[in-house]
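Chemist: Could you have a look at this structure, given as structure tokens, before my questions?
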Amino acid sequence: GLPAALPFLPLELTTLYNSLIFTMGASDSAAIKGEAEGIHQGLLRVLEACGSCRQDLSTEELWQKVLREVTAEELQAPLHRLGALQAAWWLADSRLGSAAGLFRLLSNTEDLKDRGRACCSDGESELLCLLKAWRVPAEGASLPLVQSAEDLKEILCTATAFLQGLQELEAGNFPTALSLLREAAGGFCSKRVLAQIYTCLGCCAQRMGKPQTALQHLKRALQVDFQCLPALSHVAAVYHELGEMDAELQALALLYEALEKTPPAAASSSPYFLIRTELLVQTPILASLLRLCQPSEVKYLLAQQCLQDGRVADAVEHYLDFLALLQEGLQQQVPLDGGSALPRIPEVFLEAASALEQAGRHHDAITVCEEVISRTTDLIPRTLRVEERLDQPEGPSPGPGLAGGLMSQKKESLCCLTWRAAGYLHQGWACAKLGESKEAITQLSRCLSDLLRVQLYGSGVEPAESLLPEVEVLQKIRLLALIGRGAQFLEVGRHKEALLDFQHGLQISPGDPAATSYLVQALWELNRKQEAAACWQTLSQHTPGEDGQQEGQGRPFPLYLVSCLKQATFPHCESLTRNIQGYLETASQD
């Protein structure tokens, strides 16, 4: 309540500076964002002492008025220090423009402005140039500071380069981002922050299409701080991009092992400062780049990559470990922010069943699929009417909120039906491998019966790229079920029923090699050899490369269908070819 007096203002402003340093240093990053009310009141006290008090000005306007009107030499050093503290507040709030405007006022001489312009001509940002050009005021021996202005300047320079590098990275300006992040890496920060900067450099290099450079930066991050586990996660991603499966799996295994251990204390800076770079740099993109995977996510990635690479035994082990994590309460380990690498849980079960089938553990695969079937049964309506194409309207358009809710509910029902049908599909193929043809036919018939619940409407046969992804998966499941059931009909001598299934399969996917080959065999078994030979000749003229090219251009099918796709391949090509060729030779002689 004492009136402001000019002789005591240097002491008052220095005390304010020290107290705010303690306030910022004792709080987390979220607590320091926003306006610094203490600085605002301090500036009002300065104007009051100079006889020019204004209460209706914003903080930025107040700084402009103070720095232009207050010329007392003894106040310049305290005001500069307070200005640096204000810039720290604004950086923490991502108000880089406000901070740049303040340092333009602090660098009010032509000499400092010329030095700032010289820095900018070298490609640096204006704020970074102004910070470097700013001359730190001399500190009086009688007024000790809890953190020197020189140290604060170094931290501001590092934080500015880091923040602007992240902004450029998010905007896709990768060369500029790389330059700014390298500037930040050479700045004043703790080992933990330095490791984060190298991690961001690695992500930037990866997005620039330079995986080897990315690996160098990410390995440097781990050398600086071995607890920077997000860097190890990005290392695995780069190896995946390079197709180096062994290195990727090794990185994921190390990451899982590290996540399972109790994390030690975080690496600290030396010496310790109250205001640190990590307090000023907290942005969504940084949180995204440094998101730490949960052990369950890493375990799933290990299982998925092993299954995709054909390492079936390892895949089975990882999937069973993952299912064990489910029993321990996976909901406590998986983030619900949409950033998780995990798919929907029924899909993970189906992938595990696929791995078990490929490992020859057919009974276990049947058990896993039964879990999916039992959990989804009550969630599927009797009939489900869905559009076939991406752009197909569905009757009168209700309100936006209602329409979104209905579509979401319908899509969820469609997913549940897809999972249950896939469960029956896996069970059918597993029973076939066990030699239980009757049970295989039953399960595959259940799969096809499930798919009849879906009523598609559209304009008939649609090109693959215009189909809804869910509809495309359903059609592939139906094709695989028809091929599988038809093959089992052949096994038990029900050739006419087998022929019908293969014909229906070719209606879904005209020219499919597996369905066509089985169709040829069914015709041959029915003694319709001339038709079989004609179909075989058509199939022989089909170029395998063309089919593979078309397959590669479409959307990839779910991983849990891979084992069924492999099993659907016609196994008797050589013997059937010999029979057909022998028949054609005999026919030509006759």
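No value in this document is a laboratory result; all are computed from the given coordinates. Quick caveat, the model's predicted, so the values are computed rather than measured. Note that each Cβ is placed from the backbone with ideal geometry, even for glycine, and that neighbours are counted across all protein chains shown.
Chemist: Stretched out fully, how many nm does the piece from SER27 to LEU254 gain, at 0.36 nm a residue minus the Cα gap?
Modeler: Between SER27 and LEU254, full extension yields 78.3 nm more.
Chemist: Using a basic spin-label model with each label point 7 Å from the Cα along Cα→Cβ, how many nm lie between ILE508 and ALA534?
Modeler: Between ILE508 and ALA534, the simple spin-label model gives 2.6 nm.
Chemist: What ³J(HN,Hα) values, in whole Hz, does the Karplus curve 6.51 cos²θ - 1.76 cosθ + 1.60 give for segment 295-306 when θ = phi - 60°, with x put for Gly and Pro?
Modeler: After applying 6.51 cos²θ - 1.76 cosθ + 1.60, I find x, 5, 5, 5, 4, 5, 4, 4, 4, 5, 5, 5 Hz.
Chemist: Where the centroid of each part is defined by its Cα atoms, how far is segment 274-290 from segment 205-226 in Å?
Modeler: 19
Chemist: For LEU6 and ARG344, what does the FRET efficiency come to when R0 = 51 Å and r is the distance between their Cβ atoms, rounded to the nearest 0.05?
Modeler: According to the calculation, E is roughly 0.15.
Chemist: Put a dot 7 Å past each Cα toward the Cβ at ASN527 and GLU491; how far apart are the dots in nm?
Modeler: 2.6
Chemist: Along the Cα→Cβ direction, 7 angstrom out, place labels at GLU585 and LYS261. What is the inter-label distance in nm?
Modeler: Reported label-point gap for GLU585 and LYS261 is 6.9 nm.
Chemist: Cβ under 11 Å from ALA4's Cβ, ALA4 left aside: what net charge do those residues give with Lys, Arg +1 and Asp, Glu -1?
Modeler: Net of charged neighbours comes to -1.
Chemist: Please compute the length gained on full extension between GLU60 and THR283, using 0.36 nm multiplied by the number of residues separating them and subtracting their Cα-Cα distance.
Modeler: The GLU60-THR283 span can extend by a further 78.0 nm.
Chemist: Using r as the Cβ-Cβ distance of LEU500 and ARG291, and R0 as 51 Å, what FRET efficiency do you calculate, to the nearest 0.05?
Modeler: 0.45
Chemist: Explain nothing, just compute: Karplus ³J(HN,Hα) = 6.51 cos²θ - 1.76 cosθ + 1.60, θ = phi - 60°, for every residue of segment 93-101 in order, whole Hz, x for Gly and Pro.
Modeler: 9, 6, 9, 5, x, 5, 5, 5, x
Chemist: Using θ = phi - 60° and the Karplus relation 6.51 cos²θ - 1.76 cosθ + 1.60, list the HN-Hα couplings for segment 342-355 in order, rounded to whole Hz, with x at every Gly or Pro.
Modeler: Ordered by residue, 3J(HN,Hα) equals 7, x, 5, 4, x, 5, 5, 4, 5, 5, 4, 4, 4, 5 Hz.
Chemist: Under the 0.36 nm per residue contour assumption, what length would be gained going from the current alpha-carbon distance of ASP151 and LYS433 to full extension?
Modeler: Working it through step by step, the gained length comes to 94.4 nm.
Chemist: Going through the cross-link list LYS438/LYS496; LYS219/LYS299; LYS411/LYS438, which pairs have a Cα-Cα distance over 25 Å in this structure?
Modeler: LYS411/LYS438
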